[in-house]
1. Kindly check whether there is at least one residue in segment 313-321 that is within 20 Å of the chain's Cα centre (by Cα), part of a helix (DSSP H, G or I) and surrounded by fewer than 19 Cβ atoms within 10 Å (Cβ to Cβ).
2. If we scan segment 174-186, do we find a residue that is in contact (Cβ under 8 Å) with a residue 60 or more places away in the chain and within 10 Å of the ligand (Cβ to nearest atom)?
3. I'm trying to understand the selection: among the residues of segment 110-152, which are in a strand (DSSP E or B) and at pLDDT below 95?
4. Hey, which of the helices (runs of 4 or more DSSP H) in segment 325-391, taking only ones fully inside, have at least 3 residues that are touching a residue at least 24 places away in the same chain (Cβ under 8 Å) and in contact with a helix residue (DSSP H, G or I) (Cβ under 8 Å, 6 or more places away or on another chain)?
5. Could you run through segment 301-312 and say how many residues are more than 6 Å from the ligand (Cβ to nearest atom) and crowded, with 24+ Cβ neighbours inside 10 Å?
6. Among the numbered conditions (1) within 16 Å of the ligand (Cβ to nearest atom); (2) in contact with a strand residue (DSSP E or B) (Cβ under 8 Å, 6 or more places away or on another chain); (3) touching a residue at least 60 places away in the same chain (Cβ under 8 Å), tell me where residue 36 comes up short.
7. Given the condition touching a helix residue (DSSP H, G or I) at 6+ places or on another chain (Cβ under 8 Å) and either within 10 Å of the ligand (Cβ to nearest atom) or under 18 Å from residue 215 (Cβ atoms) (or both), answer yes or no: does some residue in segment 79-88 qualify?
8. Being surrounded by fewer than 16 Cβ atoms within 10 Å (Cβ to Cβ) and either within 19 Å of the chain's Cα centre (by Cα) or in contact (Cβ under 8 Å) with a residue 12 or more places away in the chain (or both) is the filter here; which residues of segment 86-103 pass it?
Ligand SMILES: Cc1cc2nc3c(=O)[nH]c(=O)nc-3n(C[C@H](O)[C@H](O)[C@H](O)COP(=O)(O)OP(=O)(O)OC[C@H]3O[C@@H](n4cnc5c(N)ncnc54)[C@H](O)[C@@H]3O)c2cc1C
């Protein structure tokens, strides 16, 4: 069994030719390009089914951008089925509610109580903590992780090669040709600040043509993602630094509770939000893609990672006995769901950014719904949060 025919940018200690060997149970060998959330979840899913798994990650260490993550019950069911619930309990906060706020007045528009949700907790956590939990579980099952290994999936040979390289996936391009993303006219900042004793609530601070989402992270911190509509383009990557003064200038008219969080921001990153079509081809021969490689999503529904986690489980389950048939089933199961989730995320930005009379009407409507039908929001999200892909 061979792992890599040829690789690029590999460090000396990541020579992979020596480490590729047949799996102890099935004898089948999976190579995964990308050790992010989707790649590591897939590694675990396949390893638990007895496959021999190798992960190739370009970064010199398995870490993550400094940002929080909301893991909703649909993603949580997969992580629980992989046996990670206790580990996640130690590094996450259980969310109690989602609270749309008027960013200008500082008043809550309504409150959606998450305690009514079925299944695992809706969690707030740091991305790096989820990666650490996944990495530990992968290593315990004998998954080989090659760090500092930027590889091209075309250079790998295995029973199945999975492209989990995220938004700029070379494997997606190989299966589908170059994508044609377009700028949505929105940019986003992300930051983490110290703010002890924050309520376990995700707050969506809505203002005309802008919004901010805040939620607490373990260790007395608060995660901030702020979005502004603007014509000017910014890059798509997640690692471009900006001056915190620019963020505060855009939100200079918001109410004191939000301003006090923004005033604490020291390090901030800015990126442009682009829409990408869902890939038409998720597999070809013995090569497949998952997560952002197949379907990048805007961050307005907190589902990109959750969908990647679901993909990973479904791919491993479908391919357990018959990889060729499994790949067909995988795309058939996943494409309709992710297409629906992406459309819902796209629509949310418009709702958050209303101005004038439309804003007043929408906020009043939300208040009334929250009063007369407090579970209406969660009922509308059943299709998203209630799915159990592990069934
Ligand atoms: C600020 C922000 C907040 C978000 N909040 C949420 C949230 O609350 N909930 C949620 O569900 N989603 C959220 N998302 C979306 C989510 O983070 C992504 O959808 C998710 O990370 C996708 O996982 P992935 O494994 O497909 O790709 P990635 O996480 O991008 O991982 C890809 C990995 O592949 C590696 N790689 C790339 N090319 C190569 C190569 N050639 N060789 C080897 N390795 C390679 C990269 O280094 C990286 O480690 C958020 C996104 C952002 C930016």
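The values are calculated or read from the model by the stated rules, or taken from the named source; none is laboratory data. From a predicted model like this one, the values you see are computed outputs, not experimental measurements. Note that each Cβ is placed from the backbone with ideal geometry, even for glycine, and that neighbours are counted across all protein chains shown.
1. Narrowing segment 313-321 to residues within 20 Å of the chain's Cα centre (by Cα): 313-316.
This time we only want the ones that are part of a helix (DSSP H, G or I), so: 313-316.
Now drop any that are not surrounded by fewer than 19 Cβ atoms within 10 Å (Cβ to Cβ), which leaves none.
No, segment 313-321 contains no residue that is within 20 Å of the chain's Cα centre (by Cα), part of a helix (DSSP H, G or I) and surrounded by fewer than 19 Cβ atoms within 10 Å (Cβ to Cβ).
2. Restricting attention to segment 174-186, the residues satisfying the condition of being in contact (Cβ under 8 Å) with a residue 60 or more places away in the chain are 174-176, 179-184, 186.
Going one step further and asking which of them are within 10 Å of the ligand (Cβ to nearest atom), we end up with none.
No, that holds for no residue.
3. Step one: list which residues in segment 110-152 are in a strand (DSSP E or B), which gives 112-113, 123-126, 144-146, 149.
Correct list: 112, 113.
4. Numbers: elements: 356-372, 376-380, 382-385.
Qualifying helices (runs of 4 or more DSSP H): 382-385.
5. 5
6. (2)
7. Within segment 79-88 (the criterion being touching a helix residue (DSSP H, G or I) at 6+ places or on another chain (Cβ under 8 Å) and either within 10 Å of the ligand (Cβ to nearest atom) or under 18 Å from residue 215 (Cβ atoms) (or both)), the answer is yes, since at least one residue qualifies.
8. First pass over segment 86-103, keeping only residues surrounded by fewer than 16 Cβ atoms within 10 Å (Cβ to Cβ): 86, 89-90, 94.
89, 94, listed by residue number.
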